[in-house]
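Here's the structure we're looking at; comments come further down.
The values are calculated or read from the model by the stated rules, or taken from the named source; none is laboratory data. Since this is a predicted model, take the numbers as computed values, not measurements. Methodologically, a virtual Cβ is constructed for each residue, glycine included, from the backbone with ideal geometry; neighbour enumeration extends over all protein chains shown. Side chains are part of the model used for accessible areas, which takes the heavy atoms of the whole protein and leaves out ligands, DNA and RNA. Shrake-Rupley method; radii C 1.70, N 1.55, O 1.52, S 1.80 Å.
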Amino acid sequence: MTKYIIKRFLIMIGTVLIIATLTFFLMHAIPGSPFNEERNSNEVVQANLEAHYHLNEPLFIQYLIYLKSIATLDFGPSIKHPTQTVNDLLGRGFPISFELGIVTILVAVISGIILGVLAALKHNGIIDYLAMTIAVLGISIPNFVLATLLIQKLAVDWDIFPAATWSSPLHMVLPTLALATGPMAIIARLTRSSMLEVLTQDYIKTARAKGLMPYKIIIKHALKNALMPVVTILGTLLAGILTGTFVIEKIFAIPGMGRYFIESINQRDYPVIMGTTVFYSFFLVFMLFLVDIAYGLLDPRIKMHKKEGE
Amino acid sequence: MEKLLEVRDLEVSFLTYGGEVQAVRGVSFDLHRGETLAIVGESGCGKSVTANSIMRLIPQPPGRITNGTIQFKDKELITLPENQMRKIRGVDISMIFQDPMTALNPTLTVGNQLTEGLKQHTSVSAKQAKQKAVELLDLVGIPNPEERLSLYPHQFSGGMRQRIVIAMALICEPELLIADEPTTALDVTIQAQILELFERIQEQTGVAIILITHDLGVVAKIADRIAVMYAGKIIEVGTKKEIFYQSQHPYTKGLLNSVPRLDRREGKLIPIDGTPPDLFSPPAGCPFTARCPKAMEVCDRVYPLETKLSSTHEVECWLQDERANKLLASK
């Protein structure tokens, strides 16, 4: 197990390095520089600024400097907001985005599984049709459309929840709802179909023949097996939720990471682009790693290492 | 011998898109304490459905028990509420299924699956339950039972798994064990071991066994009595000797002729021609008429009455019934 984790960790670092390299060259392939808009500054000032940020150096040297900043985890100050370092921005924005992401995942996973299990147990019943209608709607409606609809109805028309910003649990409801509906729908459909399959398995019949209580059969015997495919797609859903937060944060004026991420690209704020990308890719790769570990815990047949000789 | 189970006129149907399949059409039999009854017949004759009906494990819908009684000791199982039935399953009556590769949950340890029934039905401590599980694994012949409790099913071979399944069925000390094709998925040497295990268990615990199989070799080894099923009916029942040496129903004879034997010279087996009737609309007369080499006119029209050949041997065939002629004349 430890061997597996170390191996995975090295692969993770490799992945992040590749992402960081691609980002670096893509970033410099975009025309323009951080100082393009400052037309009134004369050439000497421009040259001095570029020298300060090493932008006059050859690309390869810049790349090395960039790698060094990743290695030391110090991305320096933002070019556009020189009073703030990239680490400051991350430290302020990330906890909010993280909160939104985690709450969204929890809501999506829990409600998706409950919905899927109910639908499977009442196969072809009213609950099944209702759950699957919700699921289809959830998959088809993009989160930014849902977000505007939610604001219009629940915030403007009926005035139940606040329309924007991020200061109390009540403020979390609408953005979470907008972001979680899609993943929830996918999880619900997946849980339903895999649950229906598992319920016909022989070991479910064995469990019934033991005279176990129905809830025990469902939770202990059926759900644990039915969750495999759900865990598998959880990694992909995570990436979706992560990028989804950028859009949702914008709509609900949430001061998370999304704003910095998009602004930095528009303004060619190189240190911020680098910092956010590396941070986010590391985060995502780490989450995928956790998903893989969870997979192994759920199914003992999946071995983390090739030892034991069986 | 005391009667443990009494099944009378059991009828089970399945509603499908194609119509109603009458899988079991009036099955009656008795089972005494400590005896082994084998129910034999070809695929689709209703033997598994009969077994599942006793456990009330027929999926409803589409399945439905339309008629009959199943008396277990002093309880009527068909009308018993589900929560009462749950206290009988695994405790008084246990069941073993065909395929040991799929009958165990792949994500739970063997120890967990062994003890969960015991924990559900009795108030034993975790330690006592584990102790009991070790005892049973030892009984079914699994070496180092204590270490094996924490292993998962995929770490065992097919024969080992079937032993575990048997141990699981025995953990609450049931009085009746229903084994639905317990050896079909195993290779021949393992089959023999498992059958020996059944014999040994019965000697040690006195459990009654209903053995569902299509393999007459299996039957010959461990059954006390044999019921032959065809198209949802028991057409002949008797002791092992009566069925193997004095069988009267042409179907039973056909079955025996189609089994390879070491004590006869001719190498050719005699198959039974044709296929069983469609159970969507079973024939009014004897369902075997179309395949029967000795079929008479009456066979096609009226279902034969039960004929008692001895206190234990009963057959449903017009060939054994002197009323056949009279009935034919009156028509």
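A few comments on the model shown:
- Figure legend: label point modelled 7 angstrom from the Cα of B:Asp187 along Cα→Cβ; residues of region B:141-167 with amide N under 19 Å from it are B:154-164.
- Convex hull volume per residue in cubic angstrom - Cα atoms of the protein assembly as shown: 237
- Region B:100-173 - percent of accessible surface contributed by carbon and sulfur, probe 1.4 Å: 49
- On Cα atoms only, tilt of B:158-170 relative to the major axis of chain B in degrees: 90
- For chain A, the longest principal axis of the alpha carbon atoms and the long axis of helix A:270-298 meet at an angle near 20°.
- Placing +1 on the Cβ of every Lys and Arg and -1 on the Cβ of every Asp and Glu, with nothing else charged, gives the protein assembly as shown a dipole about its Cα centre of roughly 540 debye.
- Neighbours of A:Ser111 by Cβ distance under 14 Å: Lys/Arg scored +1, Asp/Glu scored -1, total +2.
- A simple spin-label model places the labels of A:Met12 and A:Ile265 2.5 nm from each other, with each point 7 Å out along Cα-to-Cβ.
- Cα centre as origin, Lys/Arg/Asp/Glu Cβ charges: chain A dipole, Debye: 1580
- B:Thr79, B:Thr252, reordered so the largest accessible area comes first (probe 1.4 Å): B:Thr79, B:Thr252
- Based on the Stokes-Einstein relation at 10 °C and a viscosity of 1.306 mPa s, and on the Kirkwood radius from alpha carbon pairs, region B:100-173 is assigned a translational diffusion coefficient of 133 µm²/s.
- Selection from A:Asn87, A:Thr165, A:Leu146, by position along the positive dipole direction of chain A (Cβ): A:Leu146
- Since only A:Leu227, A:Gly211, A:Tyr53 are under comparison, the one whose Cα sits farthest along the positive direction of the charge dipole of chain A, derived from C-beta charges on Lys, Arg, Asp and Glu, is A:Gly211.
- Placing a pseudo-label 7 Å from each Cα along the Cα-to-Cβ vector at B:Asn83 and A:Ala29 gives an inter-label distance of 6.8 nm.
- With 0.36 nm allotted per residue and the present C-alpha distance subtracted, the B:Val124-B:Thr66 stretch has 17.0 nm of extension available.
- Surface burial for A against B, with a 1.4 Å probe and both sides summed, reaches about 2300 Å² of accessible area.
- Separation of alpha-carbon centers, region B:211-290 and region A:2-36, rounded to whole Å: 72
- Exposure rank, largest accessible area first [B:Thr307, A:Thr236; 1.4 Å]: A:Thr236, B:Thr307
- For region B:180-270, applying the loop criterion from DSSP together with a ceiling of 11 other beta carbons within 10 Å to the GluC sites (Glu not before Pro) yields B:Glu266.
- Averaged over the residues of peptide A:214-227, the number of Cβ atoms from other protein chains lying within 10 Å of each residue's Cβ is 2.
- With 29 Å as the limit on Cα-Cα distance, the pairs of B:Lys130/B:Lys221; A:Lys3/B:Lys130; A:Lys3/B:Lys132; B:Lys75/B:Lys233; B:Lys3/B:Lys326 that go past it are B:Lys130/B:Lys221; A:Lys3/B:Lys130; A:Lys3/B:Lys132; B:Lys3/B:Lys326.
- Close amide-amide hydrogen proximity is noted between B:Ile209 and B:Glu35, B:Thr36, B:Leu37, B:Leu177, each under 5 Å apart and 5 or more residues distant or on a separate chain (H modeled in the peptide plane; Pro and chain starts excluded).
- Per-atom-type breakdown for region A:128-234 gives carbon and sulfur 71% of the accessible area (1.4 Å probe, protein chains only).
- Each Cα pair under 8 Å and six or more residues apart adds its separation to the average, and for chain A the resulting relative contact order is 27 percent.
- Residue among A:Ile134, B:Ile88, A:Val278 farthest towards the positive dipole end of the protein assembly as shown, charges placed on Cβ: B:Ile88
- Residues A:Ile219 and B:Leu309, FRET efficiency given R0 of 56 Å [Cβ-Cβ distance, rounded to 0.05]: 0.60
- Degrees separating the helix A:224-251 axis from the principal Cα axis of chain A, which is the longest one: 40
- Sparsely packed chymotrypsin sites (Phe, Trp or Tyr not before Pro) within region B:252-331, loop by DSSP, other Cβ within 10 Å at most 14: B:Phe280
- Neighbourhood net charge (15 Å Cβ-Cβ; Lys/Arg +1, Asp/Glu -1) for A:Ala222: +4
- For the protein assembly as shown, accessible area per residue (1.4 Å probe, heavy atoms of protein chains only), Å²: 49
- Sequence-separation-based contact order of region B:20-175, relative, with Cα cut under 8 Å and 6+ spacing, percent: 24
- Measuring r between the beta carbons of B:Gln131 and B:Ile270 and using R0 = 41 Å, the FRET efficiency lands at 0.15.
- Under the convention that each Lys and Arg Cβ holds +1 and each Asp and Glu Cβ holds -1, the size of the dipole of chain B around its Cα centre is about 100 debye.
- Region B:193-278: trypsin sites (Lys or Arg not before Pro) in DSSP coil with no more than 14 other Cβ atoms inside 10 Å: B:Arg261, B:Arg264, B:Arg265, B:Lys268
- Relative contact order of chain B, defined on C-alpha pairs under 8 angstrom at six or more residues apart (%): 19
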